[in-house]
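The values are calculated or read from the model by the stated rules, or taken from the named source; none is laboratory data. Computed from a predicted model, the values in this text were never measured in an experiment. Positions of Cβ are backbone-derived with ideal geometry, glycine not excepted, and every protein chain shown enters the neighbour counts. Heavy atoms of the whole protein, side chains included, go into the accessibility calculation; ligands, DNA and RNA do not. Shrake-Rupley method; radii C 1.70, N 1.55, O 1.52, S 1.80 Å.
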Amino acid sequence: EKDSLYSLIILGASGDLAKKKIYPTLWSLYRDNLLPSNTIFVGYARSKLSIADLRKLFEPNCKIIEGQEAQFDAFIKQNVYIAGSYDKEEDFKKLHDELDERESKVKAGHRVFYLSLPPFVFDTATQHIRENCWGTRGWNRVVLEKPFGHDLESSRKLSSHLKKLFSEEEIYRIDHYLGKELVQNLLTLRFANRIFSPAWNNHHVASVLISFKEPIGTQGRGGYFDEYGIIRDIIQNHLMQIFCLAAMEKPVSLDAEDIRDEKVRVLRRIAPATIENSVLGQYLGNPNGKNEDEKTGYLEDPTVPKGSVTPTFAALVLKIDNERWEGVPWILRAGKALNERKAEIRVQFKNPDGDIMPGNATKRDELVIRFQPNEAIYLKMMTKTPNSHFGMEETELDLTYSKRYEGVVLAEAYQLLFLEILRGRQIHFVRNDELEQTWRIFTPLLHQIENEKIKPIDYEFGSRGPREADKLLAENNFVYTGTY
Ligand code: BG6
C-alpha cells in the first residue's frame, strides 16, 4: 500500500454534488485516517480554478471543528485541480500525464474516476477516460451516480456503451441507500437470526410497506426533478434496493455476485407496476408554510414547466410471483413536501390463528426498520398489561440505535461507499442486470403517465400526501398502527 499512489479523480469537481457530498466525504475520510496514506484528490471540471477557489467551494460543507484546521490544510495539500472539458481528448491527456508523472515515482498507481456529472456528458466523458486516461500501473475504477437513463431503453443504451469500455468489475453504480447502516443490516437481520426466517413468507406476512418521506420540496431543483419525478428519483432505485434486500432468497454466500444474483432473481418475478395499482400526487403550496419552499406549490416553482404532470408523490403495489411471496402486497410509497422526514420498512404479520384472547383485541405484530432519522429496529407486539387479568396492550421490543449504541456515530453512506470502492468490493453497488430489471418494472407505468398526461392528485405541502394513498394501503391489507 505504501508504494502505491491512489488517485481519486472527481469529474465535475465544481458542481453541486461534489461540493455538498463528495469533497466533504473525502475530507472526513482523510480526517479519520481511513484512506491509504498516499492518496491524492484530483478535481477536474471546466472552470479555471485554483486550489484556493476549489477550497472555497467545498469548505463550508466540511465540518471542521476547532483543532482540525492544520489537518484540513494538510488535506488541501493533497488536492490537485485540472481544468478541462468533457469532450476534448487533449484535456483528458493532460489529466493522464499529470497522473502518470506522479505514479512514475511509486511502484503502482490506482485510479478511481468519480463522475459527478450531468447525464448528457456521461457518454463522452467515459469514452475519454477509457481511451485517454486509463492507468497502466494498477487498477482503474469508474463510479457513476443516477440517473442511469430515464427508462428501459435509454438505460440499456448507456449500459451497452459502458460495456464496450469497461468490465462490470470496473463499474461502481452508486445507490447511496446501499451505504446506509440499517439498509446494510437487512442482510444480517434476516440471515443471522433464526426467528425471522420461518416467518418471512406469505404464510405469516400480511403486507409490507417501504416508505420514504421528505418534508422538503424541489428547493430550486425543479428543473432536474421534473424530468424524473418521484418514481425515478426514489422508487426505482432507493426503494427497490431496500425491496430486494428484504424480499430476496438467502444468497449462496456474501460475495457481491451471489447477493446480486438473488436480487435479480426476485426482481424477475415481479410484473410491471400499473396505474390501477398506483396513487400519484403533486404538492400544492401551503399558505401557512414556514418558508418559501413550503409556500410554493410544485407548479409555482419557476423551474418547473407549466402544467407539468410529474408526480412528487407515488404509492404503488408490487406482487412477487414466487412460492415465498405469492399473494403478499409490497407497497412502495415515496413523497416530497410531506409532514416529516422518514425512511422505513414495515413488515406486518398476520394475526395468530385460533385467537383465544378476550375482546378481539389482538393486533398484528409488526417489524419496523427505520433507516432514518433516529435509526431503529423495533417489533410491535402484544403484551399483557401489567397487573391486569388478561388486559392487553401493544408495545415494542426496541432497538433504537441512539440508546443501544450510545455515542457511536454512524458513518455516512458516502463514506462507507468510498471505502468499498477502494477495497474493490461491489456488494453495495448496483449491477447492470438489477438496473435493467428495475427499469423493466417501472417503464410501462412511467410511459403511460407521460403519454396520457395522467394528472396527479393534489396534496398540500406538509400533509401526509393524498388520502387515496391510505385507501390503497388499506385495500392491500396494510393496517395502520401508528403514525406514518
Ligand atoms: C436522492 C434524491 O437520490 O436522495 C433526492 O435525488 C433525495 O431527491 C435524496 O432528497 C434523499 O437522500 P437521503 O439520504 O437524504 O434520504
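Structure data summary
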quantity: The one condition in (1) in contact with a strand residue (DSSP E or B) (Cβ under 8 Å, 6 or more places away or on another chain); (2) within 17 Å of residue 332 (Cβ to Cβ) that residue 439 fails to fulfil; calculated: (1)
quantity: Tally of residues being within 16 Å of the ligand (Cβ to nearest atom) and assigned to a helix (DSSP H, G or I) across region 121-147; calculated: 0
quantity: Residue in region 400-411 that is surrounded by 15 or more Cβ atoms within 10 Å (Cβ to Cβ), under 20 Å from the mean Cα position of the chain (by Cα) and either within 30 Å of residue 9 (Cβ to Cβ) or within 16 Å of the ligand (Cβ to nearest atom) (or both) present; calculated: yes
quantity: Failed item, numbered, when residue 359 is tested on (1) at pLDDT below 95; (2) assigned to a strand (DSSP E or B); calculated: (2)
quantity: First in region 1-21 and within 24 Å of residue 134 (Cβ to Cβ) and in contact (Cβ under 8 Å) with a residue 12 or more places away in the chain, second anywhere and surrounded by 22 or more Cβ atoms within 10 Å (Cβ to Cβ) and of a type in the set (S, T, N, Q), Cβ under 6 Å, 6 or more apart; calculated: 10/116; 12/116; 15/116; 17/116; 18/116
quantity: The one condition in (1) closer than 30 Å to residue 167 by Cβ; (2) more than 16 Å from the ligand (Cβ to nearest atom) that residue 394 fails to fulfil; calculated: (1)
quantity: Options 342, 380, 336: the member that is surrounded by 15 or more Cβ atoms within 10 Å (Cβ to Cβ) and more than 16 Å from the ligand (Cβ to nearest atom); calculated: 380
quantity: Criterion violated by residue 89 - all others in (1) touching a helix residue (DSSP H, G or I) at 6+ places or on another chain (Cβ under 7 Å); (2) open to solvent by less than 70 Å² (accessible area, probe 1.4 Å) satisfied; calculated: (2)
quantity: Tally of residues being touching a residue at least 40 places away in the same chain (Cβ under 8 Å) and in a loop (DSSP other than H, G, I, E, B) across region 362-379; calculated: 3
quantity: Matching entry among 442, 461 (being surrounded by 18 or more Cβ atoms within 10 Å (Cβ to Cβ) and over 26 Å from residue 270 (Cα atoms)); calculated: 461
quantity: Helices (runs of 4 or more DSSP H) contained in region 380-484 and holding at least 1 residues among the small types (Gly, Ala, Ser) and closer than 30 Å to residue 38 by Cα; calculated: 413-423
quantity: Per-region count, region 220-238, residues within 11 Å of the ligand (Cβ to nearest atom), charged (D, E, K, R) and in a helix (DSSP H, G or I); calculated: 2
quantity: Region 99-124 - residue that is over 20 Å from residue 144 (Cα atoms) and out of contact with any Ser or Thr (no Cβ under 9 Å at 6 or more places or on another chain) and, of those, most open to solvent (accessible area, probe 1.4 Å); calculated: 105
quantity: Positions within region 57-75 being within 21 Å of residue 37 (Cβ to Cβ) and open to solvent by less than 20 Å² (accessible area, probe 1.4 Å), in sequence order; calculated: 62, 72, 75
quantity: Qualifying position, being closer than 20 Å to residue 423 by Cα and assigned to a helix (DSSP H, G or I), among 28, 7, 37; calculated: 28
quantity: Test result for residue 219, within 13 Å of the chain's Cα centre (by Cα) and open to solvent by 30 Å² or more (accessible area, probe 1.4 Å); calculated: no
quantity: Qualifying residue in region 45-62 (condition: part of a helix (DSSP H, G or I) and polar (S, T, N, Q)); calculated: yes
quantity: Any helices (runs of 4 or more DSSP H) falling wholly within region 148-219 and containing at least 3 residues that are over 30 Å from residue 284 (Cβ atoms) and within 16 Å of the ligand (Cβ to nearest atom); calculated: 181-191
quantity: Residue list for region 334-390, restricted to those being in contact with a His (Cβ under 9 Å, 6 or more places away or on another chain) and of a type in the set (Gly, Ala, Ser); calculated: 334, 343
quantity: Filtered residues of region 167-185 (kept if surrounded by fewer than 21 Cβ atoms within 10 Å (Cβ to Cβ), in contact with a strand residue (DSSP E or B) (Cβ under 8 Å, 6 or more places away or on another chain) and closer than 15 Å to residue 259 by Cβ); calculated: 185
quantity: Residue identified as open to solvent by 10 Å² or more (accessible area, probe 1.4 Å), at pLDDT 95 or above and assigned to a helix (DSSP H, G or I) among 276, 257; calculated: 257
